[in-house]
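A.B. asks: Quick one: this structure, given as structure tokens, is what I'll be asking you about.
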Amino acid sequence: MANRVYNFAAGPAAMPLSVLEKAAAELTNCGGCGMSVMEMSHRSPAFEEIIGGAEAALRRLMKIPDHYKVLFLQGGATLQFSTIPLNLYRNSFSADYALTGSFAKKAAAEAKRVGKVNVVASSEDQKFNYIPEVDRSKLDPNADYMYIVTNNTIYGTKWPELPTPLNGVPLVADASSNILSEPMDVEKFGLIYFGAQKNVGPAGLTVVIVRDDLIGHAKPEVPIYLDYKTQADGGSMYNTPPTFAIYMAGLVFEWMESLGGVEAMAERNYKKANLLYDFIDNSDFYTATVPNRAHRSIMNATFVLGSEELNKRFVAEAAKCGLVNLKGHRSVGGIRASIYNAMEYEGVKALVDFMAAFEKENR
Ligand SMILES: *Cc1c(COP(=O)(O)O)cnc(C)c1O
């Protein structure tokens, strides 16, 4: 399909062209049933097959064990900031939070409305440009869970290694911006969740992968939609789920499997990220905002030029060349290239070629 740009948006973000084309071909008549997925009853056999197929593919991709439920929900990652403490606070009503960016801070603020928050690490002292050490003496053995954000979308950082919680404390992770980007051992977590619009599909779908023993502890006053037990018992169909977004996510999972699964994605993603970071590190015109390469995200690469004026010109000139949405998050400025699974190697190559040309013209 002609006239496609390379879209470096942080989310909603680029989706694989072949997925969009398949969805377009099926838009008015899906699987010969004479109607769009958008027009189907969520309780119809045709949709049962779509949601069942999406869940099965995700389970295969991530090797999700049977004692975890997969929930297809709404409300974005943001609603999970509140839903998690409402379901998981049950003994000490306290949880350990690592603050590695504004999404972690927002999640901690929501948890504080439900119980206690114990900050066990923070990189706020340096504008979140690194992943902090977890001070193990601060870990609470009675914490109801330990909370991290695996990839920090705005600041371009990623945990180089997962922190290990104290014995019996479940690890809870917001993996919205790096889910399925590289292998993840689900059994290390009590709960993993992600909004779909970064690496998986359209906005409107949030997926929660939660271990069975963490379900069923919400207090009676927790809204019924927000109780994981409601959603687990109802197969994510307590009410109408985001049917079209689930269908699109299913197509993306299918696409990933066709390319070799998460391992193949990881290989592609490191190749792309290395191309970009090698270029940046070999140039004195561009500076990565995360100094420690081991802490850098392979999904969101953040960097700056010598002045705010140059940053602006860079974003504008790149857009003219079909490289769009490179402006950093409004809270930090600079440049951010989000290079999720759907971004082709060729897109990053085009970006690096543009960066070389821009440097020549503007130094
Ligand atoms: C985008 C993002 C969010 C917020 O997602 P919404 O779906 O807009 O609520 C939360 N956490 C992370 C890590 C994100 O990248």
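The values are calculated or read from the model by the stated rules, or taken from the named source; none is laboratory data. Everything numeric in this text was worked out from a predicted model, so none of it was measured. Glycine gets a Cβ as well: all are built from the backbone with ideal geometry, and neighbour counts include every protein chain shown. Accessible surface is based on the protein model in full, side chains and every heavy atom, while ligands, DNA and RNA are left aside. Shrake-Rupley method; radii C 1.70, N 1.55, O 1.52, S 1.80 Å.
A.B. asks: Restricting attention to region 60-88, and to residues there that are farther than 17 Å from residue 184 by Cβ and assigned to a loop (DSSP other than H, G, I, E, B), which single residue is farthest from the chain's Cα centre (by Cα)?
C.D. replies: Taking the candidates together, the pick is 66.
A.B. asks: Restricting to region 194-241, count the residues that are part of a loop (DSSP other than H, G, I, E, B) and of a type in the set (Ser, Thr, Tyr).
C.D. replies: Residues flagged as part of a loop (DSSP other than H, G, I, E, B) and of a type in the set (Ser, Thr, Tyr) within region 194-241 amount to 3.
A.B. asks: Return the only residue of 90, 113 being farther than 21 Å from residue 139 by Cβ, more than 16 Å from the ligand (Cβ to nearest atom) and touching a residue at least 24 places away in the same chain (Cβ under 8 Å).
C.D. replies: 113
A.B. asks: Filter region 24-57 for residues that are farther than 24 Å from residue 68 by Cβ and in contact with a helix residue (DSSP H, G or I) (Cβ under 6 Å, 6 or more places away or on another chain); which is surrounded by the fewest Cβ atoms within 10 Å (Cβ to Cβ)?
C.D. replies: Within region 24-57, the match that is surrounded by the fewest Cβ atoms within 10 Å (Cβ to Cβ) is 38.
A.B. asks: Let me ask another. Could you please let me know if residue 80 is open to solvent by less than 10 Å² (accessible area, probe 1.4 Å), closer than 15 Å to residue 193 by Cα and within 16 Å of the ligand (Cβ to nearest atom)?
C.D. replies: yes
A.B. asks: Would you confirm whether or not region 31-46 contains a residue that is within 16 Å of the ligand (Cβ to nearest atom), among the hydrophobic types (A, V, I, L, M, F, W, C) and either in a loop (DSSP other than H, G, I, E, B) or over 23 Å from the mean Cα position of the chain (by Cα) (or both)?
C.D. replies: no
A.B. asks: In this structure, is residue 91 modelled with pLDDT of 95 or more, under 24 Å from residue 220 (Cβ atoms) and not in a helix (DSSP H, G or I)?
C.D. replies: yes
A.B. asks: Taking region 166-213 only, how many residues are within 12 Å of the ligand (Cβ to nearest atom) and surrounded by fewer than 22 Cβ atoms within 10 Å (Cβ to Cβ)?
C.D. replies: The number of residues fulfilling the criteria is 3.
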